[in-house]
Amino acid sequence: ANLSQLISTPLTSSVCHHSVAADCPARCPSGWTQFGSRCFIFYYQYMKWSDAEKFCISIGGNLASIHSSDENTFVSDMINRASGSRNTWIGGHDAERRWLWSDGSSFEYAHWYSNQPDNSGGNQHCLEINYGGDYWNDMPCTYTRPFVCSQDL
């Protein structure tokens, strides 16, 4: 395989992770990793936030939304295993200081780093995870990052 093929190859396998009460009757697509009733995939390919979102849509998802501490830990650990904890795009973006998820789900859970989001320079409107550990930070959307997509089963 050449380098571009390796870079675009997902570094996860189809595995079911679930809480005690849940089982995993449905299956994620090949290459995606299941967590509860959702599927996640990490791409170690650097893109701007908008290009990463378009790519996630093209494979049937969106940039990842995160709705609990358990999901946050799961996504952060998946990135750590594949890349050694690179700052990574997920689906948060803000419109007039209101944070939203690109998949349209409600933005209730948050795990911001201390004093974030700060909109430094007035142009930080997209969300990266794995900032100072597993925390979140706002960054300019034109920066390039690896990214995580998610989809519901």
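Quick notes on this one:
- Between R27 and R86, full extension at 0.36 nm per residue minus the direct alpha carbon distance yields a gain of 18.5 nm.
- Sparsely packed trypsin sites (Lys or Arg not before Pro) within the range 86-123, loop by DSSP, other Cβ within 10 Å at most 12: R97
- Anisotropy class of the range 55-153 from Cα gyration tensor, a/c 1.5 cut: rounded
- In nm, spacing of pseudo-spin labels at S68 and N115 (7 Å Cα→C-beta vector): 3.3 nm
- Under the convention that each Lys and Arg Cβ holds +1 and each Asp and Glu Cβ holds -1, the size of the dipole of the range 28-152 around its Cα centre is about 320 debye.
- Net +/- balance of residues flanking I79 in space, Cβ distance below 15 Å, scoring K and R +1, D and E -1: -1
Computed from the coordinates by the stated procedures, all read-outs in this text should not be read as laboratory data. For clarity, every value in this text was computed on a predicted model and none was experimentally measured. When we count neighbours, we look across all protein chains shown, and the Cβ atoms used for this are built from the backbone with ideal geometry, even at glycine.
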